[in-house]
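*Asks:* One structure, as structure tokens, below. Some questions next.
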Amino acid sequence: MLNRKYHLLFSSSSRRRKPGPKGPSAELIAAIVEMKRRNPRFGCVRIAQQISHAFGLDIDKDVVRRVLAKHYRPGDCGTNGPSWLTLIGHLKDSLWSVDLFRCESILLRSHWVMLVMDVCTRRVVGFAVERAEVDGISACRMFRHAIAGQPLPERVSTDHDPLFRFHRWLANLRVLEIEQIKTVPYVPTSHPFIERLIGTIRREYLDRVFFWNGVDLTRKLAAFRDYYNQHRVHRSLDGTTPAHRAGVSSPARAVLDEYAWQQHCRGLFQTPIAA
């Protein structure tokens, strides 16, 4: 009897019957692994937020990390991006940020891109592309094209680029009754949201696609704007999308038993949706 007692105490079968949570379901594990496989650059936090957004499940990033370490090869969950100071927040209503960056086509021709974003919701308001060098007149034209169909903001935030000091640019803002707010000189982190967005556009999109001309670039940037605003979750927005923060209703929740994958930007990004 004594031997049987210790045999049951230390046997392998008794160790397998430990109490506690059973861990994520097989369906959830499959969704996490498939998300990582289809989007290798997504990190654990992004995957957890994307799963929560798609399926309505409260999942922690550590659960994603453990699932990927056990079931995904290679087990690297991605690299952490640079941290950014959030010096501009929800201090002012209707505040947009405006900035310019340059990119090259497959024919090695430079194109200027004006990016306008809503600081409060992180929503991409619009893009505008210019082939030639930008002056005051073309800057005004790009701004009108980027905000076409949108209600005007009360203020815009710009850096100290000489383009935003042209007489035509300042006169255009006065006609539109928009106040211009300048960032701190020589301090890029005083304009953090749009600077980070430009880096995201370069790393996640423009560095991975080709474009031929300004028309092709405009079309591809419009596709990225739709993905970024409606489907890409954001850590700074607590795992929601800019469209949801702007008041747009969320899509139907997907279920782990039956769901589909929606492609964005010609299959460069894929997110789960309700089947």
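*Asks:* Picking from ALA275, ALA223, which residue would you name as being at pLDDT 90 or above and of a type outside the set (Asp, Glu)?
*Replies:* Every option except ALA223 fails the conditions.
*Asks:* Quick check: anything in the stretch 123-142 among the basic types (Lys, Arg) and over 19 Å from ILE181 (Cβ atoms)?
*Replies:* yes
*Asks:* Now for a separate question. Can you tell me which of ARG245, ARG225, ARG219 is farther than 17 Å from GLU34 by Cα, in the same structural domain as GLY56 (by TED's automatic domain parsing) and not hydrophobic (A, V, I, L, M, F, W, C)?
*Replies:* Every option except ARG245 fails the conditions.
*Asks:* Return the total of residues in the stretch 110-134 being touching a residue at least 24 places away in the same chain (Cβ under 8 Å), more than 18 Å from SER97 (Cβ to Cβ) and outside any strand (DSSP E or B).
*Replies:* 1
*Asks:* Criterion first (assigned to a helix (DSSP H, G or I), farther than 23 Å from ALA246 by Cα, among the basic types (Lys, Arg) and in contact (Cβ under 8 Å) with a residue 24 or more places away in the chain) does ARG168 satisfy it?
*Replies:* yes
*Asks:* Can you list residue pairs whose Cβ atoms sit under 9 Å apart, with the first residue in the stretch 228-241 being at positive phi and in the same structural domain as CYS44 (by TED's automatic domain parsing) and the second being modelled with pLDDT under 85 and assigned to a loop (DSSP other than H, G, I, E, B)? Count only pairs 6 or more apart in sequence or on different chains.
*Replies:* Sorted first by the residue in the stretch 228-241, then by its partner, the list stays empty.
*Asks:* Inspect all residues belonging to the stretch 10-21 and state whether any of them is surrounded by 10 or more Cβ atoms within 10 Å (Cβ to Cβ) and at pLDDT 90 or above.
*Replies:* Within the stretch 10-21, none of the residues are surrounded by 10 or more Cβ atoms within 10 Å (Cβ to Cβ) and at pLDDT 90 or above.
*Asks:* When you go through (1) touching a Lys or Arg at 6+ places or on another chain (Cβ under 7 Å); (2) over 21 Å from PHE101 (Cβ atoms); (3) not assigned by TED's automatic domain parsing to the domain that holds ASP99 one by one for ILE178, which number turns out not to apply?
*Replies:* All conditions are met except number (3).
*Asks:* Would you please list the contacts, defined by Cβ atoms under 6 Å and residues six or more apart or on different chains, that run from a residue in the stretch 242-269 that is more than 15 Å from ARG225 (Cα to Cα) to a residue that is of a type in the set (D, E, K, R) and outside any strand (DSSP E or B)?
*Replies:* LEU256/GLU27
*Asks:* Mind checking which residues of the stretch 148-165 are assigned to a helix (DSSP H, G or I) and either farther than 14 Å from LYS182 by Cβ or outside the structural domain of ALA222 (by TED's automatic domain parsing) (or both)?
*Replies:* none
*Asks:* Only one of these conditions is not met by ARG219: (1) over 23 Å from ASP161 (Cα atoms); (2) out of contact with any Leu (no Cβ under 8 Å at 6 or more places or on another chain); (3) touching a residue at least 40 places away in the same chain (Cβ under 8 Å); (4) basic (Lys, Arg). Which number is it?
*Replies:* Against the list (1) over 23 Å from ASP161 (Cα atoms); (2) out of contact with any Leu (no Cβ under 8 Å at 6 or more places or on another chain); (3) touching a residue at least 40 places away in the same chain (Cβ under 8 Å); (4) basic (Lys, Arg), ARG219 comes up short only on (3).
*Asks:* While we're here: If I filter the stretch 188-200 for residues that are hydrophobic (A, V, I, L, M, F, W, C) and farther than 27 Å from ARG41 by Cβ, do I get at least one hit?
*Replies:* No, that holds for no residue.
*Asks:* Scan the strands (runs of 3 or more DSSP E) fully inside the stretch 177-275 and keep the ones with 1 or more residues being surrounded by fewer than 17 Cβ atoms within 10 Å (Cβ to Cβ) and within 16 Å of the chain's Cα centre (by Cα).
*Replies:* 259-264
*Asks:* To continue, here is another question. Please go through (1) in contact with a strand residue (DSSP E or B) (Cβ under 7 Å, 6 or more places away or on another chain); (2) closer than 26 Å to TRP212 by Cα; (3) surrounded by 19 or more Cβ atoms within 10 Å (Cβ to Cβ) for ARG131 and return the number of the only condition it doesn't satisfy.
*Replies:* (3)
The values are calculated or read from the model by the stated rules, or taken from the named source; none is laboratory data. Remember, it's a predicted structure, so these values are computed and weren't measured experimentally. Here the Cβ is made from the backbone with ideal geometry for all residues, glycine too, and neighbour counts use every protein chain on show.
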